[in-house]
């Protein structure tokens, strides 16, 4: 089962969900606005994708929290991701037992899921 993590108002998440729907691929959706992902999941995502891919330093939440001023190292970024999942780039896609994709790239999705 493919699990999609994100928020429904995010354009990238909507594009990913549309891709799966258009290709008749069933997914389970996890809404960051309703629940916080497990710390172990965040550790896995960072391990598989890298902190630079997982951590969204361009989003509203990053600016609102003024995290740039803290000059966070990797451990600090991971700590913030666990407290505030809205700092994650979206969507996060888990598939095939511990494989992870972050963000929406239609060509990569076609290669991976079709």
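Where a number appears in this text, it was derived from the coordinates with a stated rule and is not lab data. Keep in mind that this is a model prediction, so the values were computed, not measured. Please note: Cβ atoms are built from the backbone with ideal geometry, for glycine as well, and neighbour counts cover all protein chains shown.
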Between 81, 44, 65, find the one with the highest GNM mean-square fluctuation for the chain; connect C-alpha pairs within less than 10 Å.
65
I'd like the FRET efficiency for residue 29 and residue 97, computed as 1/(1 + (r/R0)^6) with the beta carbon distance as r and R0 of 25 Å, rounded to 0.05.
0.85
Scattering profile of the range 2-113 from the Debye formula, Cα beads only, expressed as log10 I(q)/I(0) at q = 0.10, 0.12, 0.18, 0.19 Å⁻¹, is -0.27, -0.39, -0.87, -0.97
Full extension from residue 43 to residue 72: what is 0.36 nm times the residue separation minus their Cα-Cα distance, to one decimal in nm?
8.8 nm
Out of 97, 33, 89, any idea which swings most in a Gaussian network model of the chain, alpha carbons joined below 10 Å?
97
What is the extension gain from residue 64 to residue 79, computed as 0.36 nm multiplied by their sequence separation minus the C-alpha to C-alpha distance, in nm to one decimal?
3.7 nm
The chain - mean residue ellipticity at 222 nm from DSSP helices (-39,500 (n - 2.57) per run, n ≥ 4, rounded to 500):
-12000 deg cm²/dmol
Please rank 14, 90, 63, 58, fewest neighbouring Cβ atoms within 10 Å first, as an exposure proxy.
58, 63, 14, 90
